[in-house]
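Okay, so here's the structure we're looking at.
No value in this document is a laboratory result; all are computed from the given coordinates. What you see is a predicted model, and the numbers here were worked out from it, not measured in a lab. All Cβ positions, even for glycine, are placed from backbone atoms using ideal geometry, and neighbour counts span all protein chains on display.
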Amino acid sequence: MRRGRRRLSLRTKTGYGAVELGMSAAEVMLLFYLLEFYTKVIGLRAELAGFALALAMIWDAITDPVMGGVSDRTRSRMGKRRPYIILGSVLLAFGIVFIFSRPDIETQAGKFFYLLGAYMLVNTSMTIVAVPHAALAGEVSFDRNERTELFGWRLLFRTFGFMVAVLLPGLLVIYFEERLGVSRTLASRWIGISILATGLVTFLSVRRIDKPAPPLTISLGKLRDRYSRAMMELRGFFRGLQSVATNKAFVPLLITYILAYIGRTVNTSTAIYYYEVRLGLTERQIHINVLGLFTVVICLSIGAWVFISRRFGKKAPAFWGALGLGLSTIVIYPLLPPGQVLPPMLLGSVLGGFLVGSIIIFESLVADIVDYDELKTGVQREGLYFGFWTMSTKFARAVALATTGILLRAIGLQEGQLEQTPETARGLAILYGPVVGGCFTLAAIAFLFMPLTDAKHERIQRLLRRRRALRARHLAATEPPPDVEIEEEPFELPHPL
């Protein structure tokens, strides 16, 4: 089934995407509320909070390609990806509750190290789930449109998780009369339950896709051979990293996503501050009228972006989506009048929600680029590519978090206080508007240098089908398979410059 042509069932597609709900809810809680929770409720200084989050993200980024390589080589009765999906879900559920608990610590240093340790636990747990799960998408289907559908289901469940994480804390704040500490802690417990439930659904749904493999057996007589094989695999791992880092199609796409991710991180980290301090909105208005509407629009836009990518290809829609998001952010958010939700705020939520939906195209392109790497090298390395992808984006988040903490301190944000100065409000408008929008605009420009077009990818897949068919025939023969040339001329993507 791994590379067959049978269409995936709706049950498999939805089950595959389900775990994204729990992971997304946890991630959104961290992005929107963690900096706020530790500055307002715990009383940690903004620059120290940003630095702790950045250090934890760097550790998390280092573990991503390692996790990809480990899952690529895992052999167990449950498969090579599924064991990590369920293990990581359990650890992540515990970690999200732990990080939103109020420690009995008075000193700034103690609060800093508590946040650092808790965030390292959460991020490591998320890596254990996310990297094998993302790699599985490239294995379950060889059809490029079906891959887009898979990432569409992922984004749909991710958006549901976004909705849970945005609405639940806000509703709890309203119920508990603006007691932020209580609402955030209770919300983290409910999200922990959702992580466990959705992780189990995905674990069970992909059991026929992630094929079981016989477990490795180790005997004393073969330890030397095992050691030699391990060293060969380690050298192969580093050669794979070199190949990933020099891939002509992957590098521009990675730069694009890093720039967009920096913008997204600054956006989500400052969103609550912007709406409260700059616009003077209440918790109810922020979570229901603004963020809730934004989430609904993202859900509705997913089908539209899948249709657009089928009709017009992937490259043009992805470019125009990122560029439109950047320019609209630069123009709209510095000009929004304080205290008014309708209609300008609704316009920003609707337009921004629709344009954010184009993200499914960027992520689906990674699986297409893995096909290009396989054609060049003859090796299937989905886990390594998606591990490197998440590693790089987490480095970007680390930089963005550290910078955001410093900038919040620079514009005069005071920890542990609800009231802020007019200078701080103006600074938040600059951060949330031109700074964030500039990142999205630069991402769109970088994407122009990504050379993988739809026509080239279709050709790549035709060549891979021929190669696999020839290999299958040779494997069925009694003689060892010779090296097979599948083209008369070397196949290379042209340099975009």
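Values as computed for the structure displayed
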item: Computed FRET value (nearest 0.05) for Ala410 with Phe113, which takes r as the C-beta separation and R₀ as 30 Å; result: 0.80
item: For the stretch 71-126, alpha-carbon Rg relative to the globular expectation (2.2 N^0.38 Å, N residues); result: 1.51
item: Separation of the Ser9 and Arg189 label points, Cα + 7 Å toward Cβ, nm; result: 3.7 nm
item: Proximal lysines relative to Lys111, as straight alpha-carbon distance under 17 Å, when same-chain residues fewer than 8 apart are discounted; result: Lys40
item: Length-normalised contact order for the stretch 241-355 - Cα pairs under 8 Å, 6+ apart - percent; result: 36 percent
item: Alpha-carbon centroids, the stretch 31-76 and the stretch 88-109: separation in whole Å; result: 12 Å
item: Sparsely packed chymotrypsin sites (Phe, Trp or Tyr not before Pro) within the stretch 76-113, loop by DSSP, other Cβ within 10 Å at most 15; result: none
item: For the stretch 1-97: rounded, prolate or oblate by the Cα gyration tensor [a/c cutoff 1.5]; result: prolate
item: Rounded, prolate or oblate (a/c below 1.5 giving rounded, otherwise prolate when a/b exceeds b/c) for the stretch 306-409 by Cα gyration tensor; result: oblate
item: Length added when fully stretched, Ile105-Ala304, from 0.36 nm per residue minus Cα-Cα; result: 66.7 nm
item: Hz values of 3J(HN,Hα) by residue in the stretch 51-66 - Karplus curve (6.51, -1.76, 1.60), Gly and Pro given as x; result: 5, 4, 5, 5, 4, 5, 5, 5, 4, 4, 5, 5, 6, 5, x, 5
item: Residue order, fewest to most surrounding Cβ atoms within 10 angstrom, among Val366, Val201, Val131; result: Val201, Val366, Val131
item: At R0 = 30 Å, FRET efficiency that the Cβ-Cβ distance of Arg73 and Arg471 yields, to 0.05; result: 0.90
item: Tensor-based shape of the stretch 14-156 (alpha-carbon gyration tensor, a/c under 1.5 rounded, otherwise prolate or oblate); result: prolate
item: Simple spin-label estimate for Leu204 and Val331 in nanometres, 7 Å along Cα-Cβ; result: 4.9 nm
item: Label-to-label distance, nm, for residues given as Leu196 and Arg462 (7 Å Cα→Cβ offset); result: 5.3 nm
